[in-house]
Amino acid sequence: MARSKEFDEERALAAAVDVFWRKGYENTSFEALMREMGIAGQSLYDTFGDKRALYLKAMAFYRERTNLSLRQSLASAPTVKAEVESIFADALRRGQRGPKHGAESDAGALAKFFVATIQGMRAMARLKSDRRALRQVARIALAVFDR
C-alpha cells in the first residue's frame, strides 16, 4: 500500500521557488532544496523528479500564481494601461514604507514614468536597437531609486 504524502505540494513548490530565486539554479543544492522544502530526498524525487524537473515545476507554479494575480488585476482595471500603472504605483508605495525611499516620491508619477520607459524600450527593441543601448536606458531608469 502506498503511503500518503506528508507535505503540502504547493507549499513545497513555493519554498523551491524561493530557494531558486535567492540562489539561482546553479548554486542551489539538492540538500538546500530538501531542507527548505521540508521534504526527505526520496519523497522529493518521487514527487518532483530530479533538480531540473523540480525547477521546471517550480517555475510553472510561479508563472501560474503570477498569471492568476495578473488576470485578477486585469479583470478589475478599466484599461490595461491603468492596470499596469496601478501595479507599479502599488509596488512603489510599498517601497516608500521602507527605509530607503520616503513619501517625497510621487508613486503615481513614478509609475507613469516606468510605463513610458518600458513602452519606449519595447519600441527600441522592435527597431533592433543594440542591447547595450537598452541596458543604458534601464540603468538610467533604475537610477531613480538611488537618490
Inset, instruction - State all residues of segment 20-49 that are within 19 Å of Glu6 (Cβ to Cβ), in contact (Cβ under 8 Å) with a residue 12 or more places away in the chain and assigned to a loop (DSSP other than H, G, I, E, B); if no residue qualifies, say none. - result: Gly38, Ile39
Inset, instruction - Restricting attention to segment 123-147, report how many residues are exposed (fewer than 14 other Cβ atoms within 10 Å of the Cβ), modelled with pLDDT of 85 or more and under 20 Å from the mean Cα position of the chain (by Cα). - result: 3
Inset, instruction - Any residue in segment 57-71 that's closer than 21 Å to Asp90 by Cα: show its pairings with residues that are part of a helix (DSSP H, G or I) and not acidic (Asp, Glu) at Cβ separation under 7 Å, as long as the two are six or more apart or on different chains. - result: Tyr62/Val17
Inset, instruction - Determine if segment 51-73 includes at least one residue that is at pLDDT 75 or above, farther than 24 Å from Phe145 by Cβ, over 17 Å from the mean Cα position of the chain (by Cα) and part of a loop (DSSP other than H, G, I, E, B). - result: no
Inset, instruction - Starting from segment 122-147, take each residue that is among the hydrophobic types (A, V, I, L, M, F, W, C) and list its partners that are surrounded by 11 or more Cβ atoms within 10 Å (Cβ to Cβ) and not in a helix (DSSP H, G or I), counting only C-beta distances under 8 angstrom and pairs at least six apart or across chains. - result: Phe145/His101
Legend entry - Filter pass, Ala12 being part of a helix (DSSP H, G or I) and modelled with pLDDT of 80 or more: yes
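The values are calculated or read from the model by the stated rules, or taken from the named source; none is laboratory data. What you see is a predicted model, and the numbers here were worked out from it, not measured in a lab. Cβ: placed from backbone, ideal geometry, glycine included. Neighbour counts: every protein chain shown.
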